[in-house]
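For reference, the structure is listed below as structure tokens.
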Amino acid sequence: MSGIPTFAVAPSFMGLSRFDRSADYALAGIPLDIGVTNRTGARSGPAAVRAASRMLTDGDHPHFWTDPTRLDLADIGDFTIALGDLSESYRLIEAQAEGLNHLLAIGGEHGITLPLLRALRRKVGAPLGLVHFDAHVDTWPDNFGQVYGHGSPFYHAIEEGLVDPRRMIQIGIRSPVQREVWDWTIGKGVTILSAQDVHATGPAAVAERVRQVIGTGPAYFSYDVDCLDPAFAPGTGTPEFAGILPWQSQAILRNLTGIGFVGMDVVEVAPAYDVSEITSLAAATVIWDYLGLVGSQKA
């Protein structure tokens, strides 16, 4: 061990000292949770994930053998949102995502993914593939009468042509869901792997299935921490019983080599319900693994 002890690391992600938007990889917090349907608190997620990331500063990544902080990487702070106004917040998020080279977003609720995909779809010029870890399909057409919210981002993303549902895979799904919502999602061409599917087949098979579905085109990575079993991620707003395990999640992500990721988010960390930072650390580690993956491929 050398350098700054972990307890004294700066409060940016992994203690980053670069903050400008021109970096190859830009990390931003999006403290939005006014579209949640259960427990609030994900607005505090960005600060908690940054704090927990200090545990990842003590050396190289032991799988990819890279130091993510040596990438052209900046922590650009938190996006501005419109207090109490979901549609205006989405507009602001989309505008602030414009012009960034490769955004890594810390939520906030899962609704933030929709405006991020809107901005990225224009940049890429074609519908994106999507790797989506979650307990919920998030393809409800509305949230208890509200058009937008954290249960609907991928319904709108499919309907707006932001993603290609035939290149979309959801991993860890297990929540209650209306049959018509499930049938609509499958009918659009989305591949769904339940938590039980992950347990039964193992991470290597899941990673191979992801590569088959996504193919070689540009893709987005969206990770809701409630994909994890709540024993390992209690700090979230909508926990669901019998989720995937952290080692399974990590093994899948680390094996997603060869996929052309162009952006990502980690969402739904609600630290008020967390225990000893374990959910925040899980989210920070997902970002760290993702940086190791894309960094190793770039190298």
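From the residues in region 100-134 that are in a strand (DSSP E or B) and among the small types (Gly, Ala, Ser), which one is surrounded by the most Cβ atoms within 10 Å (Cβ to Cβ)?
Going through region 100-134, the residues in a strand (DSSP E or B) turn out to be 103-107, 128-133.
Then keep just the ones that are among the small types (Gly, Ala, Ser); that gives 105, 107, 129.
Values: Ala105: 25, Gly107: 31, Gly129: 26.
In this case the residue turns out to be Gly107.
Condition test on Ala42, is it hydrophobic (A, V, I, L, M, F, W, C) and closer than 23 Å to Leu293 by Cβ? Criteria not met by Ala42.
Checking each residue of region 193-200 against the condition of being touching a helix residue (DSSP H, G or I) at 6+ places or on another chain (Cβ under 6 Å), surrounded by 16 or more Cβ atoms within 10 Å (Cβ to Cβ) and of a type in the set (S, T, N, Q) gives no match.
Residue count for region 135-172 satisfying the condition of being out of contact with any Gly (no Cβ under 7 Å at 6 or more places or on another chain), within 22 Å of Gly243 (Cβ to Cβ), part of a loop (DSSP other than H, G, I, E, B) and not β-branched (Val, Ile, Thr): 2.
Matching residues to (1) in a helix (DSSP H, G or I); (2) at pLDDT 95 or above; (3) of a type in the set (D, E, K, R); (4) buried (at least 19 other Cβ atoms within 10 Å of the Cβ):
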| position | (1), (2), (3), (4) |
| --- | --- |
| Phe221 | no, yes, no, yes |
| Phe232 | no, yes, no, no |
| Gln248 | yes, yes, no, yes |
| Ala272 | yes, yes, no, no |
| Leu291 | yes, yes, no, yes |
| Ser296 | yes, no, no, no |
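Is one or more of the residues making up region 135-145 polar (S, T, N, Q), surrounded by fewer than 24 Cβ atoms within 10 Å (Cβ to Cβ) and out of contact with any strand residue (DSSP E or B) (no Cβ under 8 Å at 6 or more places or on another chain)?
yes
Being in contact (Cβ under 8 Å) with a residue 12 or more places away in the chain and not in a loop (DSSP other than H, G, I, E, B): is that true of Arg39 here?
It is false that Arg39 is in contact (Cβ under 8 Å) with a residue 12 or more places away in the chain and not in a loop (DSSP other than H, G, I, E, B).
What about Ala51, is it farther than 17 Å from Tyr223 by Cα, surrounded by fewer than 18 Cβ atoms within 10 Å (Cβ to Cβ), aliphatic (A, V, I, L, M) and modelled with pLDDT of 95 or more? Reasoning before the result, please.
Details: farther than 17 Å from Tyr223 by Cα: yes; surrounded by fewer than 18 Cβ atoms within 10 Å (Cβ to Cβ): yes; aliphatic (A, V, I, L, M): yes; modelled with pLDDT of 95 or more: yes.
Answer is yes for this residue.
Residues in region 57-112 that are in contact with a Ser or Thr (Cβ under 7 Å, 6 or more places away or on another chain) and either free of Cβ contacts under 8 Å to residues at least 40 places away in the same chain or over 17 Å from Tyr25 (Cα atoms) (or both): Thr57, Asp58, Asp60, Phe64, Ile81, Ala82, Leu92.
For Leu71, the criteria (1) in contact with a helix residue (DSSP H, G or I) (Cβ under 6 Å, 6 or more places away or on another chain); (2) closer than 23 Å to Pro115 by Cβ; (3) not polar (S, T, N, Q) hold in every case but one, which is (2).
I need a count of the residues in region 54-99 that are part of a helix (DSSP H, G or I), of a type in the set (A, V, I, L, M) and touching a strand residue (DSSP E or B) at 6+ places or on another chain (Cβ under 8 Å).
Matching residues across region 54-99 total 3.
Against the list (1) in contact with a Ser or Thr (Cβ under 9 Å, 6 or more places away or on another chain); (2) surrounded by fewer than 19 Cβ atoms within 10 Å (Cβ to Cβ); (3) farther than 27 Å from Asp85 by Cα, the condition Asn38 fails is (3). Only one entry in Val206, Val266, Val181 is under 20 Å from the mean Cα position of the chain (by Cα), assigned to a helix (DSSP H, G or I) and at pLDDT 95 or above, namely Val206. Tell me whether region 244-261 contains one or more residues that are among the hydroxyl-bearing types (Ser, Thr, Tyr) and in contact with a His (Cβ under 9 Å, 6 or more places away or on another chain). The answer is no; no qualifying residue exists.
Take region 184-203 and flag every residue that is among the small types (Gly, Ala, Ser) and assigned to a helix (DSSP H, G or I). Give the steps one after another, and end with the answer.
Let us first name the residues in region 184-203 that are among the small types (Gly, Ala, Ser), namely 187, 189, 194-195, 200, 202.
Hits for region 184-203 are Gly187, Ala195, Ala200.
Within region 208-242, the set of residues being touching a helix residue (DSSP H, G or I) at 6+ places or on another chain (Cβ under 7 Å) and of a type in the set (D, E, K, R) comprises Asp224, Glu240.
The values are calculated or read from the model by the stated rules, or taken from the named source; none is laboratory data. Predicted, not measured: the structure shown is a model, and the values here were computed from it. All Cβ positions, even for glycine, are placed from backbone atoms using ideal geometry, and neighbour counts span all protein chains on display.
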